[in-house]
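Q: Let me give you the structure first, and then I'll get to my questions.
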Amino acid sequence: MLKRLFDVVFSLLGLILSFPVFLVVVFLIKKEDGGPVFYQGVRVGRYGRFFKMLKFRTMVVNADKMGGPSTADDDPRLLKVGKFLRKYKLDELPQLINVLKGEMSFVGPRPEVPFYVNMFTDEEKIILKVKPGITDWASLWNSDEGSILAGSLDSEKDYMEKIRPEKIRLQLKYVKGHNLWVDLMIINQTILKILKR
């Protein structure tokens, strides 16, 4: 209950304060290619429910039909403004709307696409017992997935081998030991990491 109250208050506050940023990003995306401003990716939420996670669109229109869900920093599908948005995590700002709606929380395992969730073992399925979040231990460990995959000849294979195992381990760590204090600690570390960029 306390976590939900925190999510509602601070997502609403975040949306109000970031409104000028929203306007600038909308202008930049429209100026570059004139396509949709938002990307609505289908993700798996709490208890396996599907929802549309909002992001500012950082890739060309129909990028999902041109390649897999893992994106390297040198992916040719990325827009110029998209590289900037990803570097400073500004593409994630619309997820404040998902938090306000109750589909996500500020802190929780990052929501996955159905393709990866279908690979969950029985133990890993407990990740779906909590709301997915904007940040968590795994996000702090690997806040720049694109740079790890840059130059990869097979980004999906490299994701499965270099990123997914540790990401799952840290998500399980969060699920098994989360509380409000842990959430506040993760939020603080996330903010510091973004500011250092």
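The values are calculated or read from the model by the stated rules, or taken from the named source; none is laboratory data. Quick caveat: nothing in here was measured; it's all calculated off a predicted structure. Cβ atoms come from the backbone with ideal geometry, glycine included; neighbour counts cover every protein chain shown.
Q: Could you list, in sequence order, all residues of the range 5-51 that are assigned to a helix (DSSP H, G or I), in contact with a strand residue (DSSP E or B) (Cβ under 8 Å, 6 or more places away or on another chain) and within 14 Å of SER105 (Cα to Cα)?
A: Within the range 5-51, PHE6, ASP7, PHE10, SER11 meet the criteria.
Q: Within the range 85-137, take every residue that is basic (Lys, Arg) and more than 24 Å from ASN179 (Cβ to Cβ) and give me the one that is surrounded by the fewest Cβ atoms within 10 Å (Cβ to Cβ).
A: Filtering the range 85-137 for residues that are basic (Lys, Arg) and more than 24 Å from ASN179 (Cβ to Cβ), the one surrounded by the fewest Cβ atoms within 10 Å (Cβ to Cβ) comes out as LYS87.
Q: Just need a number here: residues in the range 69-82 that are part of a helix (DSSP H, G or I) and surrounded by 16 or more Cβ atoms within 10 Å (Cβ to Cβ).
A: The number of residues fulfilling the criteria is 2.
Q: If I ask for residues that are assigned to a helix (DSSP H, G or I) and free of Cβ contacts under 8 Å to residues at least 40 places away in the same chain, which ones from the range 101-130 would you list?
A: LYS101, LYS125
Q: When residues of the range 178-189 are filtered for being farther than 19 Å from ASN142 by Cβ and free of Cβ contacts under 8 Å to residues at least 60 places away in the same chain, how many remain?
A: Final tally of qualifying residues: 3.
Q: Here is a follow-up. So for the range 84-98 (the condition being in a helix (DSSP H, G or I), among the hydrophobic types (A, V, I, L, M, F, W, C) and under 19 Å from ILE168 (Cβ atoms)), does at least one residue qualify?
A: Looking for residues that are in a helix (DSSP H, G or I), among the hydrophobic types (A, V, I, L, M, F, W, C) and under 19 Å from ILE168 (Cβ atoms), one finds none in the range 84-98, hence no.
Q: Now a separate question. Can you tell which of LEU23, LEU5, LEU93, LEU17 is closer than 28 Å to ILE127 by Cβ, without any contact (Cβ under 8 Å) to a residue 12 or more places away in the chain and of a type in the set (A, V, I, L, M, F, W, C)?
A: Every option except LEU5 fails the conditions.
Q: Let me ask you something else. Anything in the range 52-61 that is at pLDDT below 95 and either assigned to a helix (DSSP H, G or I) or in contact with a Lys or Arg (Cβ under 9 Å, 6 or more places away or on another chain) (or both)? List them, or say none.
A: Within the range 52-61, THR58, MET59, VAL60 qualify.
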